[in-house]
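Here's the structure we're looking at; comments come further down.
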Amino acid sequence: MSEPVVRRHVRVAIVGSGPAGLTAAIYTARASLAPLVIAGVPAGGQLMLTTDVENFPGFPEGIQGPELIERMHEQAARFGTEFVDENVARVDLKVRPFLLTLGSGAVVEADSVIVATGANARWLDLPSEQRLRGHGVSACATCDGFFFRGKEVVCVGGGDSAMEEALFLTKFASHVIVVHRRSELRASRIMQDRARANPKISFRLHHEVVEVLGEGAVTAVRVRDRATGVVEELPVQGLFLAIGHDPASGPFRGQLETDAKGYLVTREVTRTNIDGVFAAGDVYDHRYRQAVSAAGLGCMAALDAEKYLAERAGAPPAPAPRPA
Ligand code: NAP
């Protein structure tokens, strides 16, 4: 068997580089644990696909998602965090130190692991949708909205993301049709009100997308009224999905406990079923899913990892953190 490209040992490996992972990095770096962040490709998590973040404390004027991530990254690097822009291909959490094999074949041996891999956008999984992905079908209005200047688009979903994406798309598109499978939206009242007040947005409630039409580019989207079964063809040039996310727990499944949807299951907030492995952010938190709550969980996972390492080394546990 050929030797792996690189093999190295770290005290803390943090998998993921969204607000949870980067906050965990800031805390463990300041605790002199020299963390390694396996950032994932693309790095930065869902905030990289967001425009205005208006609810992250400390930014009264709001901040762009990618800029917020960049600042967290800088802060983590300042205290000695190291980053690798790779994905974790597989893990072995049955051995000590834990083994994480990266996409390049490099192997990281880690005394503790913080899993902060977040969640990924969901697709409808229609063959026509997959065929036209990147050719008019997108799960990221922030990334691709720009290409739909003056065009009509469909935005699928009834949650806050769908309202946010639809509102964002009105900056470019001439009209946005929100298609939602139920007659009631799931989104918060304020987001619903904003979307309903926008003259460029209309709604097809109780409808589902059944097919995306077009060869090489979207020319129409077929939707079906779920009550009557009537199928209608909407002559739009784009289809945006905003129907939620799935946890990016893939490499850890089978070793870390997950629920039926694949979210990691934890106890005492961040502890997984394996001692020394902690979880933070959307990979297990499907309830709050906010940047600030992910950051808070990253902090907790870091403090838990620090305590675990101190206890394992026989040293007295670190004193409880004092308020800044
Ligand atoms: P979400 O709240 O889970 O909403 C997902 C929406 O997609 C639901 O309306 C759901 O329909 C629909 N959906 C799911 N699977 C579908 C499928 N296969 N086909 C058709 N429709 C489907 O997800 P989210 O909107 O991404 O929000 C996630 C969390 O982030 C929420 O807590 C939200 O408040 C928060 N968030 C907040 C903001 C903000 O405050 N600015 C912005 C974005 C997100 P049903 O309603 O029928 O289940």
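The values are calculated or read from the model by the stated rules, or taken from the named source; none is laboratory data. Fair warning: this is a prediction, and the values are worked out from it, not measured in the lab. Every residue, glycine as well, gets a Cβ built from its backbone with ideal geometry; the counts of neighbours run over all protein chains shown. With ligands, DNA and RNA removed, areas are computed over all heavy atoms of the protein, side chains included. Shrake-Rupley method; radii C 1.70, N 1.55, O 1.52, S 1.80 Å.
Annotations for the structure displayed:
- Computed with every protein chain present, the accessible area of residue 133 is close to 110 Å² [probe 1.4 Å].
- Residue ranking by accessible heavy-atom surface, 1.4 Å probe, largest first, among 155, 299 comes out as 299, 155.
- Mean shadow area of the range 1-106 over all directions, Cα convex hull, nm²: 7.6 nm²
- Mean residue ellipticity (222 nm) of the chain, computed from DSSP H runs ≥ 4 via -39,500 (n - 2.57), nearest 500: -7000 deg cm²/dmol
- Overall, the range 225-302 carries a charge dipole of about 260 debye about its Cα centre when +1 sits on the Cβ of Lys and Arg and -1 on the Cβ of Asp and Glu, all other atoms neutral.
- Nearest-10 value in Å² for the accessible area of residue 288, using the 1.4 Å probe: 120 Å²
- Cross-linked pairs 151/261; 261/307; 94/307: Cα-Cα separations exceed 32 Å for 151/261.
- Ranking 228, 28, 142 by solvent-accessible area of protein heavy atoms (1.4 Å probe, all protein chains present), from largest to smallest, gives 228, 142, 28.
- Largest first, the extents of the alpha carbon coordinates of the range 137-178 on the three principal axes equal 25, 18, 16 Å.
- Solvent-accessible area per residue for the range 165-320 (1.4 angstrom probe, square angstrom): 49 Å²
- Listed residue (98, 130, 168) projecting farthest to the positive dipole end of the range 90-188, Cβ model: 130
- Label-point gap, in nm, between residue 67 and residue 259 - each point 7 angstrom along Cα→Cβ: 3.5 nm
- The charge dipole of the range 71-190, taken about its Cα centre with unit charges on the Cβ atoms of Lys, Arg (+1), Asp and Glu (-1) only, comes to about 420 debye.
- Span from the the range 24-45 Cα centroid across to the the range 51-85 one, whole angstrom: 13 Å
- Estimated inter-spin distance, residue 174 and residue 41, nm [label 7 Å along Cα→Cβ]: 4.0 nm
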